[in-house]
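Step one of this worksheet: look at the structure below.
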Amino acid sequence: MRVNELILYRGMEHEEVLRDMTFLIENAESEYYNKEDLRSLFFETVHKLVELAASHGFEGNLWHNFMTLLLANSENAYSTSCEIVGPVEGSINEVALHDFEIFKELYDYDLEKLEESLSVNVTGMLENYHQAGAHGKVYNKRIRDRICDLSLRLEQAENAEIFKAVITEFYREFGVGKFGLHKAFRIEKNGETTEIVPITKTAHVHLDDLVGYEIAKKKLIDNTEAFVKGKRANNCLLFGDAGTGKSSSIKAILNQYYGQGLRMIEVYKHQFQNLNDVIAQVKNRNYKFIIYMDDLSFEEFEIEYKYLKAVIEGGLEKKPDNILIYATSNRRHLIRETFKDKQDRDEDLHTNDTVQEKLSLVARFGVTIYFGKPEKKEFQQIVRVLAEKNGIQMPEEELLLEANKWELTHGGLSGRCAQQFIDYILGKE
């Protein structure tokens with residue numbers, strides 16, 4: 001099946017399964033190999049396909065789903081050129097078509113021929129597999145469905161040119177590899193290597209779910225829209241009282257603009273020294289990346305903010321145009337401030353220099369958005385809206401009375417407190 005002739009689609013994860021299956025297809029009728037050895041290799045390969053189906057949640061034709069997984073995840077010269085932007089020009093198209101002709105032959109191969117040659121009877125299960133659960137551990141249902149849908153479309157492609165058009169459109173719409181299929185990521189240190197790891201389950205919060213703060217949300221939306229459209233945009237700091245929706249707003253922004261190529265990488269304070277490694281891995285991709293820092297603040301003895309200052313603005317290397325930094329904090333200036341910063345009789349010879357050093361980090365955020373605690377009426381409106389969305393059937397007077405009692409003992413007036421109250425009511429029902 002000419003798998004050894006592939007040019008672009010090499011070095012793929014799980015590639016050994018592809019090579020084992022194609023070896024069986026080519027040699028199933030050969031008298032050179034022992035039949036029992038071939039049968040053993042076949043069942044071992046089927047085992048791997050079933051295990052992949054369980055971990056990824058695949059259904060339908062497992063052989064086609066597997067090859068589709070390879071195509072959707074292979075980050076090569078063609079797929080990364082087409083991600084988010086669609087078809088490209090140049091000789092790379094001829095190279096890609098060469099590879100897709102080979103994959104088309106594999107999609108068109110009738111597994112029943114292999115079954116007959118090896119005297120096995122599992123093809124029906126391979127071609128019409130039913131999953132026990134809704135999705136697997138590796139992919140959520142949304143991603144699983146995209147892979148399975150692409151598999152069907154590639155299966156129905158009449159020729160290699162149509163096959164190429166289908167997979168290229170997938171690259172344009174969703175991208176390729178982990179950045180194409182997933183919305184959000186975290187970073188992990190593996191020895192000396194900094195790895196960007198997908199977060200498979202993210203909160204499905206939307207901007208319409210956040211009651212109030214219309215001016216704040218508009219500033220955030222305007223800045224993000226400019227960013228995803230390739231216009232000038234600023235790093236953004238959301239600060240204010242606890243539980244007012246700062247983190248939820250950023251999660252909602254990700255859900256709203258994921259379809260336009262926006263991705264988010266969550267970074268914790270102790271990982272700031274790895275930021276340059278992270279940026280190096282994403283700066284040449286076609287996606288827009290927000291590096292997200294939640295609940296950001298520093299004590300006087302903490303120096304991690306110096307790494308952040310250099311990355312945002314100040315280092316020799318210009319920050320890539322496809323990267324912004326969004327942070328949330330309960331502190332206006334991020335770094336702890338004390339009254340002694342304003343006193344002339346401090347042990348610091350140049351007191352103003354110390355103050356400027358502390359303010360220099362927040363100054364690198366071009367957009368700052370304030371989220372304050374809601375007034376009583378605003379809090380009650382949030383409760384009303386959340387109760388309606390969750391189908392709570394309770395007289396309004398009783399609902400607000402219970403909400404008022406709740407907030408007095410659970411952190412005061414805030415959107416988070418209102419949501420916790422609604423969850424409490426739903427739990428009682």
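When only residues in segment 393-402 that are of a type in the set (A, V, I, L, M, F, W, C) and surrounded by fewer than 15 Cβ atoms within 10 Å (Cβ to Cβ) count, which is modelled with the highest pLDDT? Restricting to residues being of a type in the set (A, V, I, L, M, F, W, C) and surrounded by fewer than 15 Cβ atoms within 10 Å (Cβ to Cβ), the top hit is Leu401. Screening Ser297 with (1) at pLDDT 70 or above; (2) of a type outside the set (D, E, K, R); (3) closer than 12 Å to Arg364 by Cβ gives one miss only, at (3).
The residues in segment 172-191 that are closer than 17 Å to Ile147 by Cα, in contact with an Asp or Glu (Cβ under 9 Å, 6 or more places away or on another chain) and open to solvent by 60 Å² or more (accessible area, probe 1.4 Å) can be counted, and the count is 2. Screening Phe66, Phe42, Phe58 for residues that are open to solvent by less than 70 Å² (accessible area, probe 1.4 Å) and more than 19 Å from Ile147 (Cβ to Cβ) leaves exactly one candidate, Phe42. Scanning segment 164-186 for residues that are in contact with a Ser or Thr (Cβ under 6 Å, 6 or more places away or on another chain) and hydrophobic (A, V, I, L, M, F, W, C) turns up Val176, Ala184. Just to be sure I understand the filter: pairs with C-beta atoms under 6 Å, separated by 6 or more residues or on different chains, first member in segment 381-407 and at positive phi, second member modelled with pLDDT under 90 and not in a loop (DSSP other than H, G, I, E, B). Which pairs pass? No pair meets every condition.
Scanning segment 192-208 for residues that are open to solvent by less than 60 Å² (accessible area, probe 1.4 Å) and modelled with pLDDT under 90 returns Thr200, Thr202, Ala203, Val205, Leu207. Each residue in segment 203-216 was checked for being outside any loop (DSSP other than H, G, I, E, B) and under 22 Å from the mean Cα position of the chain (by Cα), and 3 of them qualify. Which ones in segment 129-162 are open to solvent by 70 Å² or more (accessible area, probe 1.4 Å), at pLDDT 90 or above and not in a helix (DSSP H, G or I)? Within segment 129-162, Gln156, Glu158 qualify.
Filter segment 22-39 down to the residues that are touching a Leu at 6+ places or on another chain (Cβ under 8 Å) and either over 13 Å from Glu115 (Cβ atoms) or in a helix (DSSP H, G or I) (or both), then identify the one that is most open to solvent (accessible area, probe 1.4 Å). Explain how you work it out, then say what you get.
Applying the first criterion (touching a Leu at 6+ places or on another chain (Cβ under 8 Å)) to segment 22-39 yields 22-25, 27-28, 35, 38-39.
Right, trim to either over 13 Å from Glu115 (Cβ atoms) or in a helix (DSSP H, G or I) (or both) and you get 22-25, 27, 35, 38-39.
Working: Thr22: 8, Phe23: 65, Leu24: 0, Ile25: 24, Asn27: 30, Lys35: 83, Leu38: 5, Arg39: 59 Å².
Looking at the filtered set, the residue picked out is Lys35.
Here Asn140 qualifies as over 20 Å from Arg172 (Cα atoms), in contact (Cβ under 8 Å) with a residue 12 or more places away in the chain and in contact with a Ser or Thr (Cβ under 9 Å, 6 or more places away or on another chain).
Among the residues making up segment 170-202, those that are outside any loop (DSSP other than H, G, I, E, B) and of a type in the set (Val, Ile, Thr) are Ile187, Thr193, Thr194, Ile196, Val197, Ile199. Condition test on Phe185, is it under 18 Å from the mean Cα position of the chain (by Cα) and modelled with pLDDT under 95? So Phe185 fails the test.
Take the conditions surrounded by fewer than 16 Cβ atoms within 10 Å (Cβ to Cβ) and more than 21 Å from Glu378 (Cβ to Cβ) and apply them to Gln256. Does it pass?
Details: surrounded by fewer than 16 Cβ atoms within 10 Å (Cβ to Cβ): no; more than 21 Å from Glu378 (Cβ to Cβ): yes.
Against the criterion (surrounded by fewer than 16 Cβ atoms within 10 Å (Cβ to Cβ) and more than 21 Å from Glu378 (Cβ to Cβ)), Gln256 does not qualify.
Of all residues in segment 403-429, those satisfying the criterion of being assigned to a helix (DSSP H, G or I) and exposed (fewer than 15 other Cβ atoms within 10 Å of the Cβ) are Lys405, Leu408, Thr409, Asp423, Tyr424, Leu426, Gly427, Lys428.
When Lys219 is tested against (1) open to solvent by less than 70 Å² (accessible area, probe 1.4 Å); (2) part of a helix (DSSP H, G or I), exactly one condition is not met: (1). Is it the case that some residue within segment 352-365 is more than 22 Å from Leu296 (Cβ to Cβ) and either surrounded by fewer than 13 Cβ atoms within 10 Å (Cβ to Cβ) or modelled with pLDDT of 85 or more (or both)? Yes, that holds for at least one residue.
Return yes or no: is Ala233 open to solvent by 10 Å² or more (accessible area, probe 1.4 Å), in contact with a strand residue (DSSP E or B) (Cβ under 7 Å, 6 or more places away or on another chain), more than 30 Å from Phe103 (Cα to Cα) and aliphatic (A, V, I, L, M)? So Ala233 passes the test.
Does Ala53 count as open to solvent by less than 40 Å² (accessible area, probe 1.4 Å) and either assigned to a loop (DSSP other than H, G, I, E, B) or in contact (Cβ under 8 Å) with a residue 40 or more places away in the chain (or both)? It is true that Ala53 is open to solvent by less than 40 Å² (accessible area, probe 1.4 Å) and either assigned to a loop (DSSP other than H, G, I, E, B) or in contact (Cβ under 8 Å) with a residue 40 or more places away in the chain (or both).
Taken over segment 100-119, residues that are free of Cβ contacts under 8 Å to residues at least 24 places away in the same chain, open to solvent by 40 Å² or more (accessible area, probe 1.4 Å) and either farther than 18 Å from Ala160 by Cα or assigned to a helix (DSSP H, G or I) (or both) amount to 3. Scanning segment 68-99 for residues that are aliphatic (A, V, I, L, M) and farther than 14 Å from Lys164 by Cβ yields Leu69, Leu70, Ala72, Ala77, Ile84, Val85.
The values are calculated or read from the model by the stated rules, or taken from the named source; none is laboratory data. None of these values were measured; they are calculated from a predicted model. Here Cβ is always computed from backbone atoms with ideal geometry, including for glycine, and neighbour counts include all displayed protein chains. For the accessible areas, the whole protein counts, side chains as well, though only heavy atoms, and no ligand, DNA or RNA atoms are used. Shrake-Rupley method; radii C 1.70, N 1.55, O 1.52, S 1.80 Å.
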